Structures are given as structure tokens and as C-alpha cells.
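First comes the structure, then the notes that go with it.
The values are calculated or read from the model by the stated rules, or taken from the named source; none is laboratory data. Being a predicted model, the structure only gives us computed values, none of them experimental. Reconstructed Cβ throughout: ideal geometry from the backbone, glycine too, with neighbour counts over all protein chains shown. To get the accessible areas, we keep the full protein, side chains included, count just its heavy atoms, and leave off ligands, DNA and RNA. Shrake-Rupley method; radii C 1.70, N 1.55, O 1.52, S 1.80 Å.
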Amino acid sequence: MSEQLSDRYSPQEVESKIYEAWESAGYFKAEDQSTKPPFSVILPPPNVTGFLHMGHALDHTIQDVLIRWKRMLGFNTLWLPGSDHAGIATQAVVEKNLRQEGKDRLEMGREAFLAEVWKWKKTYGDRIYSQMKRLGDSVDWDREVFTLDEDVSQAVKKVFVHLYKKGWMYQGEKLVNWSPPLQSAISDLEVVHKDTKGHLYHLSYSIEESDEKIIIATTRPETFLGDACVCVHPDDSRYKDSIGKNVVLPITGRKIPIIADEYVDQDFGTGALKVTPAHDFNDYELGKKHNLQFINILNVDGTLNENGGPYQGLKTQEARKQIVKDLEEKGFLVKTEPHQHAVGYCDRTGAVVEPFLSKQWFVKTKDISTPARHVVSNETIKFIPEQWTKTYIHWMNIIEDWCVSRQLWWGHRIPAWYCDDCGGVTVVEEDPSSCEMCQSKNIHQDEDVLDTWFSSGLWPFSTLGWPNETEALKTFYPTSVLVTGHDIIFFWVARMIMMGLEMKGDVPFRQVYIHGLIRDSQGRKMSKSLGNSIDPVEMIDKYGADALRFTLMAQMATGKDLKFSLQRLEGYRNFMNKIWNATRFSLSNLEGFEVPVEGINATVPSSSLTTADQWLIYQTGLVEKEVNEALEGMQFSEAANRLYSFVWHEFCDWYLEFSKPILYGQDEQQKKTTQLVLAQTLNRIVRLLHPFAPFITEEIYSKLPIRSEACIVADYPEYEKDQKWLSLGSKESSFEMELVKAVILAIRNIRGENSIKPSEKISVWLSPQDDKSQKILGSNKSEIMRLSSLVECYVESRESLKKCAVTPIRIDNSVIDVVIPLEGLVDIEKEVDRLNKQIDKQQKDVQKLKGKLSNERFVANAPEEVVESDRQLLATLVSQVEEMQTALERLSN
RNA sequence: GGGCCCUUAGCUCAGUUGGUUAGAGCGCUACCUUGACAUGGUAGAGGUCAGAGAUUCGAGUUCUCUAGGGCCCACCA
């Protein structure tokens, strides 16, 4: 205990040491079988080659707080870490890298390329994990899983086959969202629609065997190459006679019919619509309905194919320019008007997405989404905050079939084999040697891989050993809570719910806590391209992990986005330092303190406790109760802020100041008592703070006289279970302390307002107007003197004093006049002004309250207690005004 | 076009079932190096809770509308 602590807390010196100690002691490990109640959280797997950003820091801190809290409460906690292969993102990074070395994926071939990706994964796969350790994540590393691990791959295949057999996984030649740079299909969710300025081109198509023309309007003129018909509304008088005739397409001269369908909006454009079934989702539906020709004009790379005629080889954008030019020259372009419309972009590459006809695998969502919707609407799964329930259900209502095949190499290969002889498809879990239909050996596997989110969707059970009925699965599924951002509710949360219900027959988690996104101080999204992202590891290096965690938690209120502020971070760094110094002070004054054998259960007779002791213990109880309640309700900022103000403004500001005279004094008996209170309270504070600030609390805990094995596995203080200690405090003592504090504040206020220097010692008369106050003041006189720098303090009435500042204090029914003679000390006029101002302000409140109480309906309708407390308040205010008026007189006389 | 959210002190934000005189941090002003901490202490200034209406004895808190800002979903060519 005599160990010297430095006067500043330096996280750099303790954090890594502490983390290693936790890990090697095995504190993070969950038990597959346990008598303890389970509490499990599956970490949203970060991109394996990614690095920790502020969003992760927030997401992880929330989970770690919950896990540490529950662990201390005695739960069998599992926080399961893992990482995601992130198909597109990782493949893109590796490809880019190879290109710089002059290598090309296609030239290398599948196997060689995948070897490169695995090499990359091995090099960078641990980076994110070491960053998680810096944050303090108490995950069970022994259970770490990667989405491409053998077990997970088996689970993926099993699910695929299961869905296939059920008819819910099917292959179809459909119009999909195609990303030309990726040369792959992407799902609806991976398309972001942005309003884009474009043009509405009016093209003139001539009607066959006549001089008539029909004008159509389009935003994508190049697609005319794939037009299958022109469509008008059957009731449109302008075009009635044209229906059934053919038009001749410009440039190519190809002939297509004019048909009618009520789908067409007569008021938009010219009321005549060109239909390109292979390149537009609406046209696709029309094409199916009217059995139209599907003319694909694109190659996989987004260039025009042989159907593009003279434009073959050009990219769509280039082709558009050229075609507009040509049409204009030949007189087919009637007019061009500016037009804003939604254009789909690939969220990975930013390229314009092309609707593209191709053969893909789809998950039929109709049947699988119904139960997934129900479990949320009937609150088997609860979203926090609730508002996301609506969003989720809305999406579930409009969900389309999910395109899960990707024309990539990095990912789970689709377990489908095609027969070169009979053309049959074999979908099985184990690689087959022959075709299921004709037994031919000439089979080859589907070249494509699955959408990354397909394997992510299985994460809550695939990570626990499924399809084997493992103990872990029995113990920890369904998991307790899923913590994530709202940006992946559809991508991930919804898919996990669907898959969990289908494969496990139960929800994957009971609660979904949706937090906001981290923004910069100006409210912009943090992004690499804006250059405004803040590296959490850098912040940890500079301010410590605890400060960063506390900053995030103190702001984590409603699930709203939160702005990250360095000033705030600095403030919580200071808070950590405050805790450190409070400990330093305490420990230096605990020298010679004998640790009681009962340890944390040791008490003293309540009669030996000072007012401040009892007050502190009472406050400790309140904090224990409130913090647990806040955490129970996922009110993280509530919990963090409550702890902040308790530690700083109650423990440090008042209790430690009150303890000084005793600790520095000669009364050994009293000193012992205070030391016990100090040791007991510090222990509780450290445990309460641990989930939020694990490193500093563990470090401090190891130096405390009263402690157990380690803070991380110590009991979390709970009001009900801590009664042996907490019952030493009382509401009554708390009241006494409030009275003493009020007296001290009143004196300090006068000093401060009148700029009476601390060095200038003054005398004060305290005039209690009842016996109770008299007693309280008498027993706390020395503390009052010390904390307000008094040279003399008389607890007695002295009406004869002149030119005094008088501050009336009233708490409950106790009234005290604090009387300070000011003659010779200050400008009396100034004090008169100050008092007058206060009286004015107070009188306004009195008027307001009087009005309220004279309202008969208020008195008649409001609950008795509300009326009563208002009456008392009014009485207090009125008497305070009177007393201040008296004070004014005494000041001037 | 549909849906969700936000607007409270100079700044960033708390304020979950409506009820004492609306809070915090930072910043600001004044004073203070007092034996844990200047990453500190003490005191202070600063708000008609975006606006209007409604419900209620009572609204920052519930409802409606308006203004401003943000987000999500959506095939009008």
C-alpha cells in the first residue's frame, strides 16, 4: 500500500499488462455447461482484413459493458468473436493489390488467386483482433470463428441444400442488379438509389407503312437497341388507332409492335413507353406478361454486345452519347429536357447498376419471411429503440426474392453441380462424384459463390457448432441480445431471424439493440474519402481505452447517431485521472489500515459514523440501484453519467473533503472508522465503474486493501445484496448532510460574490431556529469552518449584529440563518443589489406558484401529495423572501 | 410518393410511464497553486424547451398542424 502512484494516470503503462492478465487467467471463457444462467452475445463479425473504426469502438463497447456487467452479476457469459470473409470487399482489395504488381485475376486462375487472398487474410486477419484487445473486448478468444472455417462452410452447405429441397432456393434466369465493375450480380439491398440529374429524351419512331410517327420518352436512349415493343394505355385516344401496328426502330430498322397495357401512365412523357424487357425491371414484368422478346444488349462488363450493332464494344454511357448524337443527326431526336430521377448505384463500387438478364440463385422469401415478421410483431424479439420495429416489418412486407449468387471467387462456393450429359443439377452437401439424375461422371460445380450475408445470416448458430447439437448451442442459443447499427437491419438482422427460425426453429436472439452511427463533430458520416474519420486506436494511444469507452457510453443515449468530440474525450480522460487521484489520496491515507477479516462485509457500529459517512453510504446505495436499473434498460448514458457525478461530485467533492480533517487528525478511533468507509466505498466505486472503464478499475482494484481475486470477476454491487453495508447509511443522515452542505454553499456564495479572498478569514453566525438544526450544526461545525475558510463560527442567534449578509436556509422543516458581518469586508451597496436581484427572482416564482394554488381546479384534481408539496414549496419561498427582506434591512442598518 | 427521426444554455447533448424552482459536459467570467488531482478547486453568468393550436388541474414530456434539418424505403419510363 505504500507503493507510490504517479500523480497522473497513464493508461499506456497498464492497459496491455492488464489485458494479458485477464486473458491468461481465462476470465473471458464461457462454460458450455454451467449452473449459472447464460448470457450470450455474438459479435457482429468485422471484415477480416478491415480495421477497427469508431463505429466498431461504439458497437464493441456496448457489448463489452453488457458482458462485463453480466459476468460480474454471476452469469455464464459468452461473447463470441469472429470475422467475416467479406466477399466483394476483400476480393476487390486483393485484386487491386495484384494489379499494382501487374497481375490479373483472370490470368491467374481461380486457385492461384484464392491462394493470394488466403495469404492476405493470414497477414491482415489478426489486425482487427489486436485492435479489439486494445479496446478491452472481453471476448472468448478460444471460440473465434471465421466465416470460411470448415465448420461454418458445412453449415452453409447444409442450409443451402435444405432450402433447395424445400423449393425455397431456386435457380432462375431473371433480371438482376448487375455491377459492371464487379461483373457480378448484387442484391437489391446492395443498390443505393440516388436522385440524379439526367435527361428525358423524346425519340420519334416511325410507324410502319405510314407517314405517322410515335414519340416516346426515355431516360436511357441507348436501350432502344433492346426494345421489344412500344406500349400505350388502351384508353389513350392519341394512340388508339396505332395499337397493333409496327414501328420501325431508328438506325437498326428493326420492327417492333405497338401494344396496349394499363400499366402505362398517360400523363408521363408522351404517354408512349418503349419497352426493353431485358434492361428494366418494369419492362421485364411487361415482357413476361405479353410474352415479348428479351433482347440482351450488354456484356458482363457493361459494354454493348453484338445486339448493339454499330455500338458494340462501347460502354453504356459512351454508347448513350454516341446514340443521342446519331439520332439527332438523323432527325429522330425530337427534344431533350432535363430530368431528375432515381438511378441505382452499386454500393461497393459506386458504378451505375445495370438491370441484366442472367441465371442466378435466389432464395424465395415469401414463406421464410412470414414467421420472421411475426416474431417481431408479437415481441418475441424486441427492438430497442422500438421505432425500428416498424422499419423492419415494413421491409418484411415488401421483401423480394434474394439473389444470393455472386460471380466472385472469394466466398462459399455454391454446392450445385451440373451434368454435362443430361443437364441435370445436383445439389448436395458432400461433393458428389456423379450426376444424381443420370449417374454421369461428367459433372462440374457451379462457378459462383454465395452472398457474404448468406453465411452471416447463420452466424448465431453456425458459430455455436450447428448442425451438431453441441452443448454450447443448447446453452447459448437463442442468444441474449444482438448489438448493431441500423445500417444492417435488412442486410443482416432480418436474415438471421429468417434463418434462425427456419433452421433452428427458434429466434436467434431476444433483443436487438440498435445504436446510432458515429459522426464527426460537424455531423458528417466518418469516411475515408472525406478524410474525417478518427482512428479509435490512435485515441486509445493518446487518451486511454477507458476514456474512449466512457466517452462513447456517456453519449450513448437513445440509439441516435452521435457526434464524436475530442473535447468530450478529453473530459473523460480527466475523469479517469480524477478517479486515479482519488484513489491515490485514499491509499495514502489508508496506511496502517487493518483489513478486517470480513472483508467486503465488514461494518462498524452505525453510531461511530459521521454525518458524512452515513450520507456517503446512503448515496452509494442509490447509485447501485440506479446504475443497475439503467443497465437493465440499456440506458448506457444514464448509467455512465450517474457514476460520473457520484464519483466526482459526491465522493470527491464532498466526502473526501470531509474526511481530510479526520484522516489528518489525531482521533485514532475516528480515523479508523473513516478509513473503513473509504476502503469500502472505493471498492464499490471501482466495481461499479468496471464495465465502463475496465483497465483503470482493474489496476486500482489490485491495490485496494479490501478486494477479491480480480475486479473483472468480482461481484457487481447490487442494492439488495449489499444491505449489510448500505444499511449503515440513512435518509436521515443524508438530510443532515444536505443541510450542512447548504450552509457551506451559502457561505462560499457570499465569499465568491463579494470576492472575499480565501486567505481572508471571516466569522459567521449560524442561527438555527430549531433544536434539530442546532444539533446538526454543532456536530459539524469544524467541517463547516474548514470547508468555507472561517476563523470563527458561532452557532447562536445574534440579532444585534449590523451590516450583515443573511442567507436563510431551509431544508424540510429546518431553518437556519447564515449571518456574515460584512462591514469592512465588502462594498455593502453591491451586496444590497445582489440581494434585491435574488428577491425579485424569488418573487416571480412565488407569484407563479400562488396562481397555481389559487386555481380551484388544480387543488381539486391534482393528487393530494402534489398539492401538498406545492403548498410547502410556496411557504418556503414566501418565508425565504421575507427573510431576505429582513436580511436587506440588517445589511443597510 | 410512403415511412421514421430530430429542433432544450454560446457549442455538444441528457431529460422511458405528464407533477417540486428544466440538467450535464465543454466553453465563458471572476477568484484560488489550500498537504489526491491545474487533466485541479470555488463561485457566477447564460434557456419564453423551433412556432401555432389541442387535450389536461398541470405539457420539454401526449395529439394535430406549420417551419427548418436528417435518415430509410419506393420500378413512373
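Counting only helices (runs of 4 or more DSSP H) wholly contained in region A:805-893, the ones carrying 2 or more residues that are closer than 30 Å to A:Glu732 by Cα, within 10 Å of RNA strand B (Cβ to nearest atom) and free of Cβ contacts under 8 Å to residues at least 24 places away in the same chain occupy A:864-892.
Each residue in region A:320-344 was checked for being over 19 Å from A:Trp453 (Cβ atoms) and touching a strand residue (DSSP E or B) at 6+ places or on another chain (Cβ under 7 Å), and 14 of them qualify. Among the residues making up region A:447-491, those that are assigned to a loop (DSSP other than H, G, I, E, B), of a type in the set (Asp, Glu) and open to solvent by 10 Å² or more (accessible area, probe 1.4 Å) are A:Glu447, A:Asp448, A:Glu469.
Applying the criterion of being among the aliphatic types (A, V, I, L, M), under 21 Å from the mean Cα position of the chain (by Cα) and surrounded by 19 or more Cβ atoms within 10 Å (Cβ to Cβ) to the residues of region A:627-678, the residue that is nearest to A:Asn589 (Cα to Cα) is A:Leu643. Within region A:516-556, how many residues turn out to be surrounded by 13 or more Cβ atoms within 10 Å (Cβ to Cβ), more than 10 Å from RNA strand B (Cβ to nearest atom) and under 21 Å from A:His486 (Cβ atoms)? So the answer is 9. Residues in region A:690-731 that are among the polar types (S, T, N, Q) and either surrounded by fewer than 23 Cβ atoms within 10 Å (Cβ to Cβ) or outside any helix (DSSP H, G or I) (or both): A:Ser702, A:Ser708, A:Gln723, A:Ser727, A:Ser730. So A:Phe593 clears everything in (1) in a helix (DSSP H, G or I); (2) open to solvent by less than 40 Å² (accessible area, probe 1.4 Å) except one condition, right? Which one? Here A:Phe593 meets the rest and fails (1). No other residue among A:Thr611, A:Thr603, A:Thr583 is β-branched (Val, Ile, Thr) and surrounded by fewer than 20 Cβ atoms within 10 Å (Cβ to Cβ) apart from A:Thr603. Residue check: A:Glu760 meets all listed conditions (1) closer than 19 Å to A:Leu891 by Cα; (2) within 16 Å of RNA strand B (Cβ to nearest atom) but one, namely (1). For region A:763-770, the criterion of being more than 29 Å from A:Ser869 (Cα to Cα), at pLDDT 85 or above and either in a helix (DSSP H, G or I) or open to solvent by less than 20 Å² (accessible area, probe 1.4 Å) (or both) is met by at least one residue. Of all residue pairs spaced 6 or more apart or on separate chains, those with beta-carbon atoms under 6 Å, a first member in region A:755-775 that is more than 14 Å from A:Val826 (Cα to Cα) and a second member that is more than 16 Å from RNA strand B (Cβ to nearest atom) and of a type in the set (Ser, Thr, Tyr) are A:Trp765/A:Tyr794; A:Ser767/A:Ser797. Of all residues in region A:168-186, those satisfying the criterion of being open to solvent by 20 Å² or more (accessible area, probe 1.4 Å), farther than 14 Å from A:Asn299 by Cβ and either in contact with a Gly (Cβ under 9 Å, 6 or more places away or on another chain) or part of a strand (DSSP E or B) (or both) are A:Tyr170, A:Gln171, A:Glu173, A:Lys174.
A Cβ distance below 7 Å, combined with a sequence gap of six or more or placement on separate chains, defines the contacts here; from region A:588-605, residues that are farther than 22 Å from A:Ser6 by Cβ reach residues that are outside any loop (DSSP other than H, G, I, E, B) and at pLDDT 85 or above in the pairs A:Ile600/A:Asn683; A:Asn601/A:Lys724; A:Ala602/A:Leu676; A:Thr603/A:Lys724; A:Thr603/A:Trp725; A:Val604/A:Thr673; A:Val604/A:Leu676. Of note, A:Arg8 satisfies the criterion of being within 16 Å of RNA strand B (Cβ to nearest atom), open to solvent by 20 Å² or more (accessible area, probe 1.4 Å) and in contact with a helix residue (DSSP H, G or I) (Cβ under 8 Å, 6 or more places away or on another chain). A:Asn574 meets the stated requirement of being of a type in the set (S, T, N, Q), closer than 28 Å to A:Gln675 by Cα, near RNA strand B (Cβ under 6 Å from one of its atoms) and out of contact with any Cys (no Cβ under 9 Å at 6 or more places or on another chain). When region A:364-382 is filtered for residues that are over 12 Å from A:Ala494 (Cα atoms) and within 22 Å of the chain's Cα centre (by Cα), the ones remaining, listed by number, are A:Glu379, A:Thr380, A:Lys382.
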